[in-house]
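Nothing in this text is a laboratory measurement; each read-out follows from the coordinates by a stated rule. Worth saying up front: this structure is predicted, and the values here are computed from it rather than measured. Counting neighbours? That spans all protein chains shown, and the Cβs are built from the backbone with ideal geometry, glycine included.
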Amino acid sequence: MFSNENKQGFKVLNGKDRLFDQRGFDLKSRLFLFFSIFLMLSAFIVIFLDNVGFFIYASQIGGEKLISWFLFAIGGIINFFCVPILYWSSFHKFKKGDEFWDSESFWILPLFFFGCFFQYLSNLPYIMVILPSSLILIFSVHIWVMSLSRELIVMDEQFENSAEYFRSFTYLTAYYLVLAVVIVFFDLFDKFENWIG
């Protein structure tokens, strides 16, 4: 009834663009990023519920310590696992040409900040060791990923836009420095704690 040309046209019209069939789609990376954001938001929910007195009865049986441990654990998971994995994942995404590296690198700074803040907010004695250790780890991973991207620019000419990746992490370095200055000289964590408390 239809010519071969029309049948070819119908095949194109009936073709379905499926989400999971898209080139470069990595479900695990997206789920991991959403999991990292979920951890951050869950800590905020616990802080909010604590402020409105939701845990008032739990505090009588040691619930305050439980909340402190929860915040400490969330901050540790974010800073020791989520942020370094996002660094590594964004670099591999960039090498494969997957634009999702931009979304992953965007969330590194807020996750890092709030991971440190949750550890600080827990007021546990262990933060004197754990918080500096997480900072050293993240800055080491940051420098390592920047050096890898720099080598990519110098050695491989096929990555012509690799300067974009390196530049975005150079900006991230500047944001880290500004954040460090604000935290140290303006006591940002204490002010933030008073504001949400």
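Taking other C-beta atoms within 10 angstrom as a stand-in for reagent exposure, Val178, Val141 fall in the order Val178, Val141, fewest first.
The loop-placed GluC sites (Glu not before Pro) in the stretch 99-173, going by DSSP, that have at most 16 neighbouring Cβ atoms within 10 Å of their Cβ come out as Glu99, Glu157, Glu160. Across the stretch 28-196, the convex hull enclosing all Cα atoms gives 108 Å³ per residue.
Cβ crowding within 10 Å ranks Leu131, Leu109 as Leu109, Leu131, fewest other Cβ atoms first. The relative contact order of the stretch 28-196, computed from alpha carbon pairs under 8 Å that lie at least 6 residues apart in sequence, is 22 percent.
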